[in-house]
Amino acid sequence: MSKRFPAEDYALPFFKQEGFIRKQCPKCGEYFWTQNAQMETCGEAGSDECGCYTFIGEPAAKKPFSLPEMREAFLSFFEKNGHTRVKPYPVVARWRSDIYLTHASIIDFQPYVTEGIAPPPANPLVISQPSIRLTDIPNTGPTFGRHLTIFEMGGAHAFNYPDKEVYWKDQTVRYHHEFATEALGIPSEEVVYKEDVWIGGGNAGPDVECIVRGLEVGTLVFMQYKVVGEEFVKLPIRTVDTGYGIDRFAWISQGTPSLFQAIYGDMLDKVYSMAGISKVDNQFLTRVGKYSGLVNVDKTANRMVLRKRVSQLTGIDLTTLEKELIPIENAWALTDHTKTLCFMLSEGVVPSNIQEGYLARLLFRRAYRLARGLNMDIDRLYDIVDLQVDKWGRDFPQIKAMHGEIVEMLKMEQEKFEDTLKRGEGMVKRIAADLKAKGISQISNETLSELYDSHGLPPEIVKQAAEAEGVAVEVPENFYSLVANRHMQANKPTEEDTVAEHSLEVAVQGLPPTELVYYPEPYTREWNAKVLKIVNSEYAVLDRTCFYPEGGGQPADHGYFAYGGGVQAEVVDVQKVGRVVLHKIKTENALPSEGTTVKGILDWERRHALMKAHTGTHLVNGAARRVLGEHVWQSGTQKGLESTRLDISHYRRLTPEEVNRIEVLANEAILANMPVETTWFPRNEAEARYGFRLYQGGAVPGKEIRVVKTGNWDVEACAGTHLKSTGEIGYLKILSTERVQDGVERLVYAVGIAAVKAVQRQETLLRKVAETLNAPLEKLDKTAERTVKELKEANSEKKKLLKELAAKESGALAETVAETEDVNGVKLVKRDFGEETDVNRMVQTASEIIKRNEATATVFYGADQKTARIMVMAGAEAVAKGVNAGAIVKLAAPIFGGGGGGRANFAQGGGTKPDKLAEAVKAAEDAIKKQLTP
RNA sequence: GGGCUGGUAGUUCAGCUGGUAUGAACGCUUGACUUGCACUCAAGAGGUCGGGGGUUCAAAUCCCCCCCAGUCCA
């Protein structure tokens, strides 16, 4: 979608007053505002080459600022100007269901604030938000720090309501200009404002980019539209969304060749020395850094073209450029990635193969490969992590608090990756050897993408391993799009359910919100209500209800309505659509008519059990966190009558000991009989009071949040029905655990009487086993062990005996049990095994006989009531003379109603008509004779 | 949430167009020869072919369900 806003949208009084001129850049074609009449291009050092970085070596500000200094300068500037300082939000956007990571400051206020559902924590406000952008991975390094996977976005936000204007475009630009010129001392005529259109996250509006000496240091967005199809629809709330690149501002204030030097300072030297980069030529970096603005790996896929251009502009030859630059870029990227990992893991992201955990894994593996590429001992990676914790731990205390867990999770991840690599290298070796044997000297693209897609082997690693085996690998330029193509097939959306849901939404329109009696009175089992509407002749809508609708992993209540003197309508399901509760009535039952007053009666046994399960779940969650660590988050839950489950994030399989400890802790929490308090808080207050740990169950909609506080054990935002106190649960028993995904463990447990019954079931099972084994319960393990051992021994004894028997029967004894005949120099041995149909025994015997004389063919057979079997084996000499066992069985087996086959030296067959066996044997005998007849 | 790959001896794997697991290598045990850099040679032990169901005369092999593990993408 390309759209331009009219020029007047950007013609601000500020520009006029301060003598800014609007110009069109001849290179990129964009309009920009500047006080410098001599300026021809917009000066932005992008791929259009409108300029280069002129701050490198010549700092743009009055003094150098470190990142924390710049952050403080920014925050205090806006604070001075009437903004309230707000603490940064987490980098894991758990309050949102559409994204995993916070990638801008505005993310903190979407959708509740920007859509007017909840008020902002302050208005206007200022925040410095650590933001993670993994789409910038390939650019991190090559662009000298213009792109980072983690950066701090300074956000000064104002939310303008129809009835309350805070400030809008003009004031926003004024603030920026004042910050840049007065707070930082950047000369006014060096600040350029570029007109631009901003579209993101379904919203849009005009924006201006702020360029200083070639670098975009900020974007001032005026969010005022919702994107609907191709159209922009005006929003009631106009949001000032400014993004100040705090890191970039620090960079221009220091004028270092790269942003990394500005942010990391001395720490970078330590990384260099770990990476074995002995001398870093700052003059060289300065020359290259000036032109780093035109590098953008996404837009111009071919990296080499970019390098060539940089080489042209700097006059440094390509080889030198590559050789000098690549290790440094990699060290930069490594430094950046470890910082991002520290932030992510400190908030409880567990590396895994799904969701945000996968992003952490991706990042770690990349960091690992960068370290390897720099010939760095992998242990140094953890030294860098330590440096990061030291560097950022003061301003972001959770990083310091989680230091141990971060390192542990990373080490675990390292182990897993090294296993994958080892496995993969073995696989490549075998593939290479196989190809070589077939005379193929190159690994196909198909194989290459499969190795990556299914086994996680990046092509460079395959190349390395294959070439060591003497098989070539050519990695196609478009490798990753080839992989993407493999995913293109079959993504069929099944959206039948949404249609039905939509019809309910329409049906409840205009109805008043149902009064939810189950919240203030979770123990009320009977109440009177008026039927407001019957929907789709199956759902009843009441004015007030005690029936809990399905949600938050808690199943719907059941029960019935009584009305009209003795009529009962059973409620089999309850759903909430919007703010209206729908009660599904059993199909066979009569529906009460609209306007009737009904008495609702809850299936209390069911509801009470579910309440126990729900409160119990909060206890298990709290117990798991205490036993396993602060990285534990709920990643899903389903309450049930028989058993309930809770999925938690954790980086390794739970041990039985850990499970026992969780169980004991949870039961201690029950015995402590702690009160369960539920309180509605305004969103901001809830977050301020309890932090983002509240969002255990994921995103919670609405302006007000229901907070469930279980004694001193656990606090969560939760919409379920809860007990008054924990003691009511009685007893909680963990039944089993499983691994749902890498990094997600599932605990299955039962509460109350269901828990007792579960224990009884397990006991019954044990007792049965004990009876079968005829052993006392307490010696069951030893007895089972011994029994299995004995069974194994018996089996191997049987095998041995079979062999011995075969050896005997193949010798002298053979004469007595088998018929032997000589046909043209081949000994034909025929034997009826009677009721023995175990081919294994026939095979053993036959091969013993043949071992003695290769010029032998055996025809063995047997039959029980139901099936007949025939087996033909021929020695090498017999085969040479023409015997073909396969052909014989194929011919003979159909006679007794079956089939069979095999090879020339061995074949077997079976059938279902044992009475025809003799006939088939005769046929087989004749066939052999025929084969041996010249 | 979607896709792909795998589960066979203690380990790494072969076998998978159904028809003997005489499986291979390494490891292990015993013996011989040597004692030096993966010693060599001989003999031997070691398998519910992840689990369950189905098709078939016959399933490691084909089909379905489940479990376990790996991996890519959003």
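The values are calculated or read from the model by the stated rules, or taken from the named source; none is laboratory data. All of these numbers come straight from a predicted model, not from anything done at the bench. FYI the Cβ positions are ideal-geometry reconstructions off the backbone, even for glycines, and counts take in every protein chain you see. Note: accessible area is taken over every heavy atom of the protein model, side chains too, but ligands, DNA and RNA are not part of it. Shrake-Rupley method; radii C 1.70, N 1.55, O 1.52, S 1.80 Å.
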- Which pairs break 32 Å Cα to Cα here: A:Lys768/A:Lys866; A:Lys279/A:Lys411; A:Lys768/A:Lys800? A:Lys768/A:Lys866; A:Lys768/A:Lys800
- Message: Over 20 Å apart: what share of the alpha carbon pairs of the stretch A:266-407 falls there, rounded to a whole percent?
- Response: 55 percent
- Helix A:67-80 versus the longest principal axis of chain A: what angle, 0 to 90°, nearest 10, using Cα atoms? 50 degrees
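Rank these residues by their accessible area, most exposed first, probe 1.4 Å: A:Ile99, A:Ile132, A:Ile753. Could the numbers behind the result be given before it?
On the way: A:Ile99 40, A:Ile132 5, A:Ile753 110 Å².
Per-residue accessible area, sorted high to low, gives A:Ile753, A:Ile99, A:Ile132.
Expressed in nm to one decimal, what extension gain is obtained for the pair A:Lys429 and A:Glu685 from 0.36 nm per residue of sequence separation less their Cα-Cα distance? Show your work: numbers first, answer last.
Working: separation 256, 0.36 × 256 = 92.16 nm, distance 5.94 nm.
Result: 86.2 nm gained on full extension.
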- Cα-based helix-to-principal-axis angle, A:780-810 vs chain A, degrees rounded to 10: 40 degrees
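Run the accessible area of the stretch A:802-932 with a 1.4 Å probe and give the carbon-and-sulfur part as a rounded percent.
On the way: 3060 of 6080 Å².
On the stretch A:802-932, the fraction of accessible area on carbon and sulfur atoms equals 50 percent.
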- ³J(HN,Hα) computed for each position of the stretch A:391-408 - Karplus, 6.51 cos²θ - 1.76 cosθ + 1.60, integer Hz, glycine/proline x: 5, 9, x, 6, 7, 10, x, 5, 5, 5, 4, 9, 3, x, 5, 4, 5, 5
- How about the stretch A:808-882: which trypsin sites (Lys or Arg not before Pro) there are in a DSSP loop, with at most 14 other Cβ atoms within 10 Å of their Cβ? A:Lys866
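Say R0 is 25 Å: what FRET efficiency, to the nearest 0.05, do A:Thr420 and A:Thr655 get from their beta-carbon distance? It would help to have the intermediate numbers written out before the result.
Working: r = 23 Å, r/R0 = 0.93.
That pair, A:Thr420 with A:Thr655, gives E of 0.60.
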- Item | Tensor-based shape of the stretch A:11-264 (alpha-carbon gyration tensor, a/c under 1.5 rounded, otherwise prolate or oblate) | rounded
- Measure off 7 Å from each Cα along the Cα-to-Cβ vector at A:Gln38 and A:Ala437, then give the distance between these two points in nanometres to one decimal. 7.5 nm
- Scan around A:Cys42 for amide H atoms under 5 Å from its own, H built in the peptide plane at 1.01 Å from N, and keep only partners 5 or more places away or cross-chain. A:Lys27, A:Cys28
- Task: Kindly work out what percent of the DSSP beta bridges joining two residues of chain A are antiparallel, to the nearest 5.
- Result: 90 percent
- Query: Of all trypsin sites (Lys or Arg not before Pro) in the stretch A:393-447, which ones are in loop regions per DSSP and have a Cβ with at most 14 other Cβ atoms within 10 Å?
  - Reply: A:Arg394, A:Lys438
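So what is the accessible area of chain A per residue, in Å², with the probe set to 1.4 Å? The partial results should precede the final answer.
Working: 42730 Å² over 934 residues.
Solvent-accessible surface per residue comes out at 46 Å².
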- Task: Round to the nearest 10 and give me the degree value, 0 to 90, for the angle of helix A:839-852's Cα axis relative to the longest principal axis of chain A.
- Result: 70 degrees
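Within chain A, what's the longest run with no chymotrypsin sites (Phe, Trp or Tyr not before Pro) in a DSSP loop and at most 16 other beta-carbon atoms within 10 Å? Give the range, please. Present the calculation step by step, with values, prior to reporting the outcome.
Details: sites that count: A:Tyr167, A:Trp168, A:Tyr523.
Of all site-free stretches, the longest is A:524-934.
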- Would you mind computing Rg(Cα) / (2.2 N^0.38 Å) for the stretch A:802-932, counting N as its residues? 0.94
- Task: Rounded, prolate or oblate: pick one for chain A, where a ≥ b ≥ c are the square roots of the eigenvalues of its C-alpha gyration tensor, a/c under 1.5 means rounded, and failing that, prolate if a/b is larger than b/c, else oblate.
- Result: oblate
- Message: Under the 0.36 nm per residue contour assumption, what length would be gained going from the current alpha-carbon distance of A:Lys323 and A:Lys62 to full extension?
- Response: 90.4 nm
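How big is the antiparallel share of DSSP beta bridges in the stretch A:11-264, given as a percent to the nearest 5? Mind dumping the intermediate values first?
Numbers: 50 of 52 bridges.
Antiparallel bridges make up about 95 percent of those DSSP assigns within the stretch A:11-264.
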- Assuming R0 = 56 Å, what is the FRET efficiency of A:Thr447 and A:Val788, from their Cβ-Cβ distance, to the nearest 0.05? 0.85
- Task: Give, in nm to one decimal, the length gained when the segment between A:Asp822 and A:Gln398 is fully stretched (0.36 nm per residue of separation minus the Cα-Cα distance).
- Result: 143.7 nm
